[in-house]
1. About the Cα centre of the chain, how large is the charge dipole given +1 on each Lys and Arg Cβ and -1 on each Asp and Glu Cβ? Please answer in debye to the nearest 20.
2. Enter the accessible area per residue of the range 105-180 (Å², integer; probe 1.4 Å; all protein chains in place).
3. Per DSSP helix of 4 or more residues, -39500 (n - 2.57); summed, then divided by the residues of the chain. What does that give at 222 nm, rounded to the nearest 500?
4. Select from the chain the helices, each a whole stretch of DSSP H, whose alpha-carbon atoms run 20 Å or more along the helix axis and whose Kyte-Doolittle mean is at least -0.5; answer none if there are none.
5. Roughly how many percent of the accessible protein surface of the range 133-209 is carbon and sulfur, given a 1.4 Å probe and a whole-percent answer?
6. Using a Gaussian network model on the chain with a 10 Å cutoff between Cα atoms, which of Thr148, Thr79, Thr164 fluctuates the most?
7. With the chain treated as a Gaussian network of Cα nodes joined by springs under 10 Å, which of Ile109, Ile123, Ile232 yields the largest mean-square fluctuation?
8. To the nearest Å, what is the center-to-center distance of the range 56-81 and the range 133-190, using C-alpha atoms only?
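The values are calculated or read from the model by the stated rules, or taken from the named source; none is laboratory data. As the structure is a computational prediction, the values presented were derived from the model and not from experiment. Backbone-built Cβ (ideal geometry, glycine too); neighbour counts: all protein chains shown. For accessibility, only protein heavy atoms count, side chains too; no ligands or nucleic acids. Shrake-Rupley method; radii C 1.70, N 1.55, O 1.52, S 1.80 Å.
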Amino acid sequence: MLDDMRDLRAAVAGYRTAATAAGLAWPVPAESPAGQPPELVYRLFGVDRVPEQLAWLTSQGMHEHRLLPNGGWVEAWPTGGEPLDLLSLSIGTPFPWRQQMPLFHFEYIFYTFVLAGEHEGEIWRYELPPDTLDLAVRAAPSAAALFTEWTRGIAAGVVAHDRTNGWLQVGGGSASVGRLLERDLDPLAFPVSLVDEPLVRMRQRECGVDMARVELAHGDEGFDCFEELSDIVQATRASLGV
């Protein structure tokens, strides 16, 4: 869902306050004006409007610093067709694969902002291959909900400042999911690997993922599913000249 802008601003401000109190340096202004997306954004993602919430998030300077849990950052507006390549992992999503923009990046995990339709404003997450072709799933119902959950993670002590790299880290290594659940936090909101987690399948069913498609991707035909969508992505890039 699309957040009320006051709620989104408050959620990001709350996260910033908690993050800096935990020791994270936040070398960007408290808030910047929303910038307009370049024309390329409309062409890439096949939409005729971009939500104000997304425009505001990309305008806050967070793409220049690793301010999110596990050293993540907010993506800037795209300058080429590369974001479409990431969307080749959108197997079984209940919305067109192209109508989402990669927004939060955590090295081998990335989250997207859904741009249109009844899922507009939702945040979805993906893990990069080779063993994660079937993990498309909603991370949060909205951006404000995501930042609020990260703030709760800091308050619970599961997300803490790491002096060695200056980032906020989701602690616990392979035990991260268990620690998050113990503190009544949603593991899917946090950039931790969810390979072989039953929680993913349950959430996929809840948020409308095509489970028949997921089963194909999980089985022997998994790479074929990925290749099929990859071919569509490359054809789209070629048609757009990006």
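1. Its charge dipole is roughly 880 debye.
2. Numbers: 2720 Å² over 76 residues.
About 36 Å² of surface per residue is accessible.
3. Values: 9 runs with 91 residues, N = 242.
-11000 deg cm²/dmol, from helical runs alone.
4. Working: long enough: 5-21 (24 Å, 0.04); 222-240 (27 Å, 0.17).
The answer, listed by residue number, is 5-21, 222-240.
5. Details: 1640 of 3240 Å².
In the range 133-209, the share of accessible area belonging to carbon and sulfur is 51 percent.
6. Highest fluctuation among the options: Thr164.
7. Highest fluctuation among the options: Ile232.
8. Computed from Cα coordinates, the inter-centre distance equals 18 Å.
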